[in-house]
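**Q** Below are the structure tokens for one structure; questions will follow.
The values are calculated or read from the model by the stated rules, or taken from the named source; none is laboratory data. The model shown is predicted, which means the values in this text are computed figures rather than measured ones. Methodologically, a virtual Cβ is constructed for each residue, glycine included, from the backbone with ideal geometry; neighbour enumeration extends over all protein chains shown. Areas reflect the complete protein model, heavy atoms only, side chains present, ligands, DNA and RNA absent. Shrake-Rupley method; radii C 1.70, N 1.55, O 1.52, S 1.80 Å.
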Amino acid sequence: MFVHGDNIASKMGDSRKYNDDISKAFLAEIKEEYDKWKAANLSLQGPFAETDEHDMDILKQRVDYFNQYKDFIDQQHYAENFDSRSNLHSSVLEEFMYYLFKDLVGSYSSSALIGKSHSFKDIFFMPKNYSDMVKKPHARIEKKDHDFVIGAKIIASMHCAGNEQAESIVIEVPAVAIECKTYLDKTMLEGSSTAGAQLLTRNPNALYIVVAEWLKLTESVNLKKYQVDQIYVLRKQRNTDREYRFLPGYEKKPVHLDVVVHLFNSVRSHLSADWEGGVSFGLERGFLI
């Protein structure tokens, strides 16, 4: 859930890296501001599954909190000390997704799956031989990492007929999967599209979304061919390499409230929708898809 906080903690506890005086001082400063951001978001309740007249005010407050903290951590001296491989800056967006949807998901169940996930991708069986096959399933679960998931954790038990030696497996199934990007380029979009197609093959009711701060796509990209349900660019701005963002005159746009509102409402509508489908359901209408 608190992936950004975990990232900070791991860096503060790492005795091999980021143990110089400057890094320690920077991490202490970031931790202080992070704690304020986390506390503010946890104390703020909503929006929930039921629409309310205060939803817009709550979403605006969450976006304001995000912009304030992101502007702080995106300062040049922090950006230069902690590069993109550290995931320090990118993990902020992932944790923001948790704050945005925590109370919506909590409206359905306190044990719902929410946050970073090793989601179900496929299942296969690998006994050593036929003699072993008739005794035990030997199930293997292939998983796919997603930055943020809303879904369910399924615990299943299976055994071979005539043999009570059971195997227990845990499967994380997304209803919504969100990939978080600092910026989105064509290579990243192609990878997300492949992941989206694989997800929908196993869970056709899932919603697959890409959320980025900046965009790095040209007009020659045909968005229609990619297997994603929606792409959100929170800053409504094209990507500029990080070093250019610190030059005089660069205008860094904020995360826009209307984009976050559209994202939230799309997810809330999906979770509250009737997912009934299939051949028999479509046959009653006369059109199947």
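**Q** Could you list which residues have their amide H under 5 Å from that of Lys181, counting only those 5 or more apart in sequence or on another chain, with H placed in the peptide plane?
**A** Amide H to amide H, under 5 Å and 5 or more residues apart or across chains, Lys181 pairs with Val211, Ala212, Glu213.
**Q** Over the chain, what percent of the accessible surface lies on carbon and sulfur atoms, probe 1.4 Å?
**A** Values: 8260 of 15900 Å².
Reported share for carbon and sulfur atoms: 52 percent.
**Q** Using helices alone, what [θ] at 222 nm do you get for the chain, with -39,500 (n - 2.57) per DSSP H run of 4 or more residues, divided over all residues and rounded to the nearest 500?
**A** Rounded to the nearest 500, it is -13000 deg cm²/dmol.
**Q** Taking Cα atoms, how many degrees apart are the long axis of helix 90-106 and the longest axis of the chain, rounded to 10 and kept between 0 and 90?
**A** 60 degrees
**Q** So what does Met56 come to for accessible area, using a 1.4 Å probe and Å² rounded to 10?
**A** 100 Å²
**Q** Rolling a 1.4 angstrom probe over the protein heavy atoms, how many square angstrom per residue are accessible across the chain?
**A** About 55 Å² of surface per residue is accessible.
**Q** Something else now. Over the stretch 1-159, what is the relative contact order in percent, taking alpha-carbon pairs closer than 8 angstrom and at least six residues apart?
**A** Computed over the stretch 1-159, the figure is 23 percent.
**Q** Stretch Glu219-Lys253 to full length: gain in nm at 0.36 nm per residue minus the Cα-Cα span? Display every interim value, and only then the final one.
**A** Values: separation 34, 0.36 × 34 = 12.24 nm, distance 2.10 nm.
Result: 10.1 nm gained on full extension.
**Q** Would you kindly state how much longer the chain becomes between Ile22 and Asn81 on full extension, computed as 0.36 nm times their sequence separation minus their alpha carbon distance, in nm to one decimal?
**A** Gain in length upon complete extension: 20.4 nm.
**Q** Using only the alpha-carbon atoms, how far is helix 55-73 inclined from the longest principal axis of the chain? Give it as 0 to 90 degrees, nearest 10.
**A** 60 degrees
**Q** Now a separate question. Taking the mean number of other Cβ atoms within 10 Å as a proxy for protection, how do you rank 124-135, 3-14 from highest to lowest?
**A** Going from most to least packed, we get 3-14, 124-135.
**Q** Any idea what log10 I(q)/I(0) is at q = 0.11, 0.16, 0.23 Å⁻¹ for the stretch 7-88, Debye with uniform C-alpha scatterers and no solvent?
**A** Relative scattering, expressed as log10 I(q)/I(0), comes to -0.39, -0.69, -1.08.
**Q** Going through the cross-link list Lys186/Lys224; Lys116/Lys181; Lys216/Lys253; Lys24/Lys253, which pairs have a Cα-Cα distance over 21 Å in this structure?
**A** Going by Cα-Cα distance, Lys24/Lys253 fall outside the 21 Å limit.
**Q** Helix 3-12 versus the longest principal axis of the chain: what is the Cα-based angle in degrees, 0 to 90, to the nearest 10?
**A** So the inclination is approximately 60 degrees.
**Q** Which aspartates and glutamates have a Cα lying under 19 Å from the Cα of Lys135, excluding residues fewer than 8 positions away in the same chain?
**A** Glu164, Glu167
**Q** Would you mind computing the Rg to Rh ratio of the stretch 149-289 from its alpha-carbon coordinates, Kirkwood style for Rh? Mind dumping the intermediate values first?
**A** Values: Rg = 20.2 Å, Rh = 18.2 Å.
With Rh from the inverse mean 1/r over Cα pairs, Rg/Rh is 1.11.
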